[in-house]
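Scroll down for the structure; my scribbles are underneath it.
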Amino acid sequence: MTGATMNHLTDEQIDDALLGDLAAEAAGHLASCAVCQQQLIAARMPLESFKAVTLAWSERRSATMPASLQERMLHNASGSRRRAWGTAAVAVLALMVALPFGMHHANGVREQSSTQAAAPIAQSLQTEASAEQIDSDNQMLHEIETELSSNRTSSEAMELQEIGDQGDGHGSARMVRD
Amino acid sequence: MQLALEATMQSVQGAERTGSELDDIDALVRTYRPRLLRFVTFSIGDQDMAESITQDCFLKAYNGRANFRGDCSVNTWLTSIAVNLIRDQQRLQKFRFWRQARATAIDITDAASFLPSAECSPENRMLVQEKAQQVQTSLLALSEKQRTVFLMRFIEEMELSEIAAATNMPLNTVKTHLHRALKSVRAQAGKTI
């Protein structure tokens, strides 16, 4: 069967053509058949449209992408190198701090021991002071709470009494409180 | 012998060229970002997550540029990385996919107005927009694999063998997914394809 005598392409073969996987015989027919060529163009049109429109959409979205995002990408890309420099800088700084301290340690062990002895005392004083402060605060809070509750009880009693004086007892009092 | 040597030399030159292309992350992003963003966006249906994945993709490509052998185009290589990142995200279920993302569907309606005016009369532009929307809608009905291979073939214009390599699927499986995807798109797009 030659290209001229072969039947027109089936839907399946049009799909094959779109996928670039058309058998040689069908491809031969397609090359010489204007009807099938037209059918293939029509089949390809929505796909080409989708491709063009989505690329236009994507290019526009990329163009309006905040510059900071690209900067961040570049920043992240060189981030590891920067982190390495950062680590080195921290190490140097630590060395600069540690070196005089070490020399000081070597020269004045007695001085350091007195400092060491003074430190727990200062710390314990601070702890005691803060414990006292906490006790004091707690006591003050307790007093405030007691005072408030006594006020509340008396005001409730007064309120009940006033309502009771006005009319019909508990029912009205409950309504007002609600 | 001479031919083989020339082929090897060309391959080495190609790898060197693309290698230097990968060294400039700024140029890399500028050149490939729109296409990659499009692929990721229409693969997952979430614009914000697509931007994040696209960014990760460029970083991964830049950091792993030494592994690029130059046996495929840079775009194909980037798409393969994107496919893996999308798959990782799907495994982690970090974001919603097409069905859940319908509420924040990607609006490409305005995009047709940015098509080159020389190619499109106003009538053609409307037709192009309509067809594009039909295809976009039809993507909703595809499975993840069908959508991925469909986009690779018809948007990224990758060869079937490249798709098979990028997705780690046998060639026949790729063909099967593509046929099903095409059939579904054709049905959804009102038999106009």
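Being crowded, with 16+ Cβ neighbours inside 10 Å and at pLDDT 90 or above: is that true of B:ALA165 here?
Working: crowded, with 16+ Cβ neighbours inside 10 Å: yes; at pLDDT 90 or above: yes.
So B:ALA165 passes the test.
Hey, could you check the range B:28-53 for residues that are more than 9 Å from chain A (Cβ to nearest Cβ) and among the polar types (S, T, N, Q) and say which is surrounded by the most Cβ atoms within 10 Å (Cβ to Cβ)?
B:SER43
Under 8 Å between Cβ atoms, which residue pairs at least 6 apart in sequence (or on different chains) link something in the range B:144-163 that is farther than 18 Å from A:PRO46 by Cα with a partner that is of a type in the set (Asp, Glu) and open to solvent by 10 Å² or more (accessible area, probe 1.4 Å)?
Filtered contacts from the range B:144-163: B:LEU160/A:ASP21.
Restricting to the range B:56-82, and then to whatever is aliphatic (A, V, I, L, M) and open to solvent by 10 Å² or more (accessible area, probe 1.4 Å), can you tell me which residue is nearest to the other protein chains (Cβ to nearest Cβ)?
Pass one, the range B:56-82, residues aliphatic (A, V, I, L, M): B:59, B:61, B:66, B:74, B:78, B:81-82.
Then drop every residue that is not open to solvent by 10 Å² or more (accessible area, probe 1.4 Å), which leaves B:59, B:66, B:81.
Numbers: B:LEU59: 6, B:ALA66: 14, B:ILE81: 15 Å.
So, considering only residues that are aliphatic (A, V, I, L, M) and open to solvent by 10 Å² or more (accessible area, probe 1.4 Å), the one nearest to the other protein chains (Cβ to nearest Cβ) is B:LEU59.
Within the range A:75-92, is even one residue within 7 Å of chain B (Cβ to nearest Cβ), open to solvent by less than 70 Å² (accessible area, probe 1.4 Å), at pLDDT below 60 and in a helix (DSSP H, G or I)? Please lay out each step first, then the result.
The initial filter retains those residues of the range A:75-92 that are within 7 Å of chain B (Cβ to nearest Cβ), namely A:76-77.
Cutting the leftovers down to open to solvent by less than 70 Å² (accessible area, probe 1.4 Å) gives us A:77.
Remaining after also requiring at pLDDT below 60: A:77.
In the following step, the residues that additionally are in a helix (DSSP H, G or I) were identified as A:77.
Yes, the range A:75-92 contains a residue that is within 7 Å of chain B (Cβ to nearest Cβ), open to solvent by less than 70 Å² (accessible area, probe 1.4 Å), at pLDDT below 60 and in a helix (DSSP H, G or I).
The values are calculated or read from the model by the stated rules, or taken from the named source; none is laboratory data. The structure displayed is predicted, hence computed values, not measured ones. With ideal geometry, Cβ positions are generated from the backbone for all residues, glycine too; neighbour counts draw on all protein chains shown. Areas reflect the complete protein model, heavy atoms only, side chains present, ligands, DNA and RNA absent. Shrake-Rupley method; radii C 1.70, N 1.55, O 1.52, S 1.80 Å.
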